[in-house]
1. Run the helix sum for the chain: -39,500 (n - 2.57) per DSSP H stretch of 4+ residues, divided by residue count, reported at 222 nm to the nearest 500 deg cm²/dmol.
2. Which value results for Rg/Rh of region 1-46 when Rg is the Cα radius of gyration and Rh the Kirkwood radius based on the inverse mean 1/r?
3. Mind checking the angle between helix 147-161 and the chain's longest principal axis? C-alpha axes, 0 to 90 degrees, to the nearest 10.
4. Between beta-carbons, use under 12 Å as the cut-off and find the net charge around residue 54, counting Lys and Arg +1, Asp and Glu -1.
5. Report, to one decimal in Å, the Kirkwood hydrodynamic radius for region 3-101 based on all distinct Cα pairs.
6. Count charges around residue 13 for me, please; just the other residues with Cβ under 15 Å from its Cβ, Lys/Arg as +1, Asp/Glu as -1.
7. Enumerate by residue number the trypsin sites (Lys or Arg not before Pro) in region 1-72 meeting two conditions: DSSP loop (anything except H, G, I, E, B), and at most 14 other Cβ atoms within 10 Å of the site's Cβ.
8. GNM, the chain, Cα, under 10 Å: largest mean-square fluctuation among 12, 148, 113?
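No lab work stands behind these numbers, since they all come straight from the coordinates. Treat the numbers as computed from the prediction; the structure is a model and nothing was measured. All Cβ positions, even for glycine, are placed from backbone atoms using ideal geometry, and neighbour counts span all protein chains on display.
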Amino acid sequence: MDAQHRRRCTLGSTPRFVPLLRKYFRSGEFVKAGSIQELAQKTNVLFDALSETLPKFNKDCLTHKDTEFKHGDSAYDNYFGDASMPNPNLETIEKAPFYAVKLFPGDIGTRGGFVTNEHDLVEGLYATGNTMASMMGHSYRGPGFTIGPSMTFGYVAAMHATGEG
């Protein structure tokens, strides 16, 4: 994210126009830099790779279509973006300061997962909840949506595992 995007959008859980707390920068969750080279250095990203990626990303921003990761292709993705933009998730990265956010892999909102059979089985492994492919396909309706199906499919898997179903 750059300065122009920060003025329009949320960064982490901090809404636009709300100052970013220093504790996020001290902890390393947020990184701020005056140049792309400095951002690469602070985030341990290869500068050559970042400087090769940025023009491609900026080109996608101008066409409002993320060709690599499909950001902005769903209403859920667009919720926190700037609704006045053709794609609320994309804006060029050109103006300092530049920001990066540390991301951690997680198990929620995967918009995918293991494809299971009728017993929630994948090659000897039972899966339910966010670890299995959603009955909603590649969409995620929001927090809590997988609880009911997880309980149901968990029951189906337990019955199968015990020979009851």
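1. The helix-only estimate for the chain comes to -9500 deg cm²/dmol at 222 nm.
2. 0.97
3. In the chain, helix 147-161 runs at an angle near 40 degrees to the longest axis.
4. So the surrounding residues net to -3.
5. About 14.4 Å, per the Kirkwood formula over Cα pairs.
6. Net charge around residue 13: +3.
7. Those satisfying the criteria are 16, 70.
8. It is 148.
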